[in-house]
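Participant: My structure is below; once you've seen it, I'll send some questions.
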Amino acid sequence: MGSRYLDLLFFTGLAFLLCHELDAVAQAEWRLLPFLSGMNDGDAYVVFVLLHVPLLVFALWWTGSTAPRVRYRSQLVVDAFLVIHAGLHTALRSHEDYTFHTTLSEVCIYAAAALGLIHAALSIRFVVYSSRAQPSR
């Protein structure tokens, strides 16, 4: 699988995460976060949304780097986050404020994780295969 297709796979997983973040605002996900759960909903909503600005700027800038090594490593970090994020959602399912039980919510969360896992596995395989295919100097 070529690197263009790997990028498409990665950015599709990232798109599912971004769709989840839209859903997270509707579901008041800040109620599940220790540092925001003690705030009133109005203030927590503002902080939750504004915290996503630097996080998204950094993630998009980092994973879209024109330096192949930086892009590869940063995408693997995001892939790991997608899987860990789904694990956290699974662990929080019984929390009284957890409301991500709709099909849409679950598809966004778990499709992102599945694509992250697939992307990571294929990326690692692609890099290992590419390094073996190059003649030694």
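Participant: Round to the nearest 10 and give me the degree value, 0 to 90, for the angle of helix 68-91's Cα axis relative to the longest principal axis of the chain.
Facilitator: 40
Participant: Taking one equal scatterer on every alpha-carbon of the chain, how large is log10 of I(q)/I(0) by Debye at q = 0.11, 0.19 1/Å?
Facilitator: Log-scaled intensity ratios, in q order: -0.46, -1.11.
Participant: Compute the relative contact order of the chain as a whole-number percentage, counting only Cα pairs closer than 8 Å that sit 6 or more residues apart in sequence.
Facilitator: Working: 100 pairs, mean separation 52.7, N = 137.
Once divided by the residue count of the chain, the mean separation gives 38 percent.
Participant: While we're looking at this one, here's another question. Segment 49-68 to segment 1-29: how many Å between their Cα centroids?
Facilitator: 13
Participant: Still on this structure, please answer the following. Which one of Leu50, Leu115, Leu22 has the biggest mean-square fluctuation once the chain is modelled by GNM with Cα springs under 10 Å?
Facilitator: Looking only at Leu50, Leu115, Leu22, the largest GNM fluctuation is found for Leu50.
Participant: What nm value, rounded to one decimal, do you get for the distance between Val47 and Thr99 when each label is placed 7 Å out toward the C-beta?
Facilitator: 1.9
Participant: In degrees between 0 and 90, to the nearest 10, how far off the longest principal axis of the chain does helix 3-26 point, with axes built from Cα atoms?
Facilitator: In the chain, helix 3-26 runs at an angle near 0 degrees to the longest axis.
Participant: Once both labels are modelled 7 Å past Cα along the beta-carbon direction, what's the Ser3-Ala26 spacing in nm?
Facilitator: 3.7
Participant: Can you compute the charge dipole magnitude of the chain about its Cα centre, using +1 on each Lys and Arg Cβ and -1 on each Asp and Glu Cβ, nothing else charged? Give it in debye, rounded to the nearest 20.
Facilitator: Values: 9 positive and 10 negative charges, 225 e Å.
Computed about the Cα centre, the dipole is about 1080 debye.
The numbers here are math on the coordinates, done by the rules we state, and not lab data. Owing to the predicted nature of the structure, the values given are computational and were not obtained by experimental measurement. Every residue, glycine among them, receives a Cβ derived from its backbone with ideal geometry; neighbour counts consider all protein chains shown.
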